[in-house]
Amino acid sequence: MENYIEFSDEDCPECGGDIIHSSHEKICKRCGLVIDIFFNDSSYCFKDQTMKNHLCKQYVALGDRTDYIGGLGSYIDYERTKYLKDRYGKLLSPPEQQLFRRLKKNYAQFLRIKNHETEYRIFNILNKVVQYLKLNKNIKNNAAYYYKKIVKNEKRVINNISLIAFCIFFAVRKENHNAPITINEIAYIFQKFGHRVNSRLILRDGLKYKKHLTSRAKPHKSEDYLNRLIHQVMEHRDLNERIVKKGINWTKDEFQNILIMKSVDILKRLTSWKRGGRNPFILTGAIIYLADKLIAKEYNKKPILTQKIISEATKIAEYSIRDHYVNLLKPCFIG
């Protein structure tokens, strides 16, 4: 495919400069900003219509996707084509149109997934879960790759659905995602879609199949969960009412910023030795509760958050927040 440059009538949204088409991108001539990506027609041709002989033929197939079963040889013509043509580009006769349309309708799905029915079903589940959790494309592709790698190296997989759940969790950890997903959350989403998957099954698959994957992911810390959990607390339905009831003159955004700063300060002072290997997700919920109490004491105001509000917003049990606060945080920061 040859590169070419073509001028466009559009203007750059950043500097107002002229937009040019270079290779497969729309680029601002002045500042170099990439505005958009587009795809050119392939330079490969199936049949040169000017040629009368059968010697000049090139056949090109679509590439394979990691997280999808289908593609090569799956369709008669394109997927949604209604009028079918022969290899010379001529329309088929009406009887042949009827025949091949029927074949296309009845057998296309079967041919796509033949001998790959399980993977087809698993990757459909993967796409639904990734879309629901709003994870990026790299996590989806990596989860599919890990699944294929484990299946290839294992003679028998106990449960394919719990395996793809583990692969999603492992891919999230490898990606070092800024809003990490817990095993319990992944299990809950699978249950919501009607699959009998729980945390125990995901951990079982992790212990059994992790040997096939190269693991260099670092364990998550409370710092990784802080922004996400505070955002969930800020979205609680009773928070505005609590702010008004306690006579606080801060807006929600002001309170959120102060809460984040105080929580970060607590985390800096809470060494790894003091944390003692506690669950970082639960510990983050208790730190948010402590930060609210310290803010109230510092500004001579009443605390806004309760253990119940934090529990409902973050799905952390109240007794777990209370246990971490009473036994770990209170002796260190309140005395």
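Residue count for segment 222-253 under the criterion of being surrounded by 13 or more Cβ atoms within 10 Å (Cβ to Cβ), over 30 Å from VAL172 (Cα atoms) and either aliphatic (A, V, I, L, M) or not assigned by TED's automatic domain parsing to the domain that holds ILE282 (or both): the result is 3. Inspect all residues belonging to segment 215-235 and state whether any of them is among the aromatic types (Phe, Trp, Tyr) and farther than 20 Å from PHE123 by Cβ. Taking every residue of segment 215-235 in turn, at least one turns out to be among the aromatic types (Phe, Trp, Tyr) and farther than 20 Å from PHE123 by Cβ.
Residues in segment 314-331 that are part of a helix (DSSP H, G or I) and surrounded by 13 or more Cβ atoms within 10 Å (Cβ to Cβ): THR314, GLU318, SER320, ILE321, ARG322, ASP323, HIS324, TYR325, LEU328, LEU329, LYS330. Residues that are farther than 21 Å from GLY277 by Cβ, surrounded by 13 or more Cβ atoms within 10 Å (Cβ to Cβ) and of a type in the set (S, T, N, Q) within segment 191-221 comprise just one, ASN198.
For segment 208-291, which helices (runs of 4 or more DSSP H) that fit wholly inside it have 3 or more residues that are closer than 18 Å to GLU318 by Cβ? Counting at least 3 such residues, we get 222-234.
Residues of segment 293-313 that are of a type outside the set (Val, Ile, Thr), assigned to a helix (DSSP H, G or I), touching a helix residue (DSSP H, G or I) at 6+ places or on another chain (Cβ under 7 Å) and surrounded by fewer than 22 Cβ atoms within 10 Å (Cβ to Cβ): LEU294, GLN307, LYS308, SER311. In this structure, ASN153 does not qualify as touching a helix residue (DSSP H, G or I) at 6+ places or on another chain (Cβ under 6 Å) and either surrounded by 14 or more Cβ atoms within 10 Å (Cβ to Cβ) or among the aromatic types (Phe, Trp, Tyr) (or both). Considering only residues in segment 152-164 that are modelled with pLDDT of 90 or more and outside any loop (DSSP other than H, G, I, E, B), the one that is nearest to GLU175 (Cα to Cα) turns out to be ILE164. Only one of the listed residues (SER311, SER263, SER272) is modelled with pLDDT under 90 and of a type in the set (Ser, Thr, Tyr). That residue is SER272.
The values are calculated or read from the model by the stated rules, or taken from the named source; none is laboratory data. Fair warning: this is a prediction, and the values are worked out from it, not measured in the lab. Note: ideal-geometry Cβ built from the backbone for every residue, glycine included; neighbour counts use all protein chains shown.
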